[in-house]
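Each remark here refers to the structure printed beneath this line.
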């Protein structure tokens, strides 16, 4: 029960902060949150600790809990990504993630063609063909599961641990696009084939072909989603001097 209340408090406050309902600079007191959320002081303390670790709030003795601006948030945390995808900043979040993936995944595909272990190469091919089957049949939950697995294998296969640690962010992106109706029930045949092309190029060790096919996927993804972020402002992080 305590765990459930703790999760509920984090979700409530995190969603409201990221959506702007609790704007930057807003001050909260622990006793007010206890009453509002109907939870104990210990639950509030733990929830605030988690939100602090994400850069959403800071606490000041005798002042309270202050909401921090978006430039202070941890943009790589899957929870922050999920909250942003559920709110008014969805377009901006999709843009940031698409640009990150476009920069990383083609390079990861190239590295996977050079470095991935043989079992991973074989699994990637199997997953790519299963994705195409699920996409053509309109099995959306199965397609999402396979899509996440495909891109996780791709990042892992690069042999770069920093790329591999983007799996959670990519999973939240793909899940968010599906949950919020931004993915078709029947994906176009071209990107389904490009996933197969990436997998087969990696399987045979053709790094140039793997990078090119992955780049095609990301260019199409950006083209399809760009309307969702046309009017969304970018977040500029101050440079520390």
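Values in this text are rule-based calculations from the coordinates and carry no lab data. This one's a predicted model, so the numbers in the text were calculated from it and none came from an experiment. No Cβ is skipped: glycine too gets one built from the backbone with ideal geometry, and neighbour counts run over all protein chains shown.
Here are the numbers:
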| quantity | calculated |
| --- | --- |
| Gain on full stretching of the segment that runs from residue 162 to residue 26 - 0.36 nm per residue minus C-alpha separation | 45.5 nm |
| Taking segment 2-72 and dividing mean pair separation by its residue count, relative contact order in percent (alpha carbons under 8 Å, at least six apart) | 39 percent |
| Reciprocal of mean inverse Cα separation for segment 2-72 (Kirkwood radius, Å) | 11.9 Å |
| Relative contact order (%) - criterion: Cα under 8 Å, at least six apart; region: segment 68-171 | 32 percent |
| Distance in nm between pseudo-label sites at residue 63 and residue 102 (7 Å out along the Cβ direction from Cα) | 3.9 nm |
| Cα pair distances exceeding 19 angstrom across segment 78-229, given as percent | 49 percent |
| Within a Gaussian network of the chain (alpha carbon springs, distance under 10 Å), most fluctuating of 153, 174, 182 | 182 |
| Listed residues 224, 93, 169, most fluctuating in the chain (Gaussian network, C-alpha, under 10 Å) | 224 |
| Estimated FRET transfer efficiency when R0 is 35 angstrom, pair residue 74-residue 185 (beta carbons, to 0.05) | 0.55 |
| Stretch gain in nm, segment residue 8-residue 222, where the contour uses 0.36 nm per residue and the Cα spacing is subtracted | 73.7 nm |
| Computed label-point distance, nm, for sites residue 231 and residue 88 using a 7 Å Cα→Cβ extension | 1.1 nm |
| Estimated FRET transfer efficiency (residue 122, residue 52; beta-carbon r; R0 30 Å; 0.05) | 0.10 |
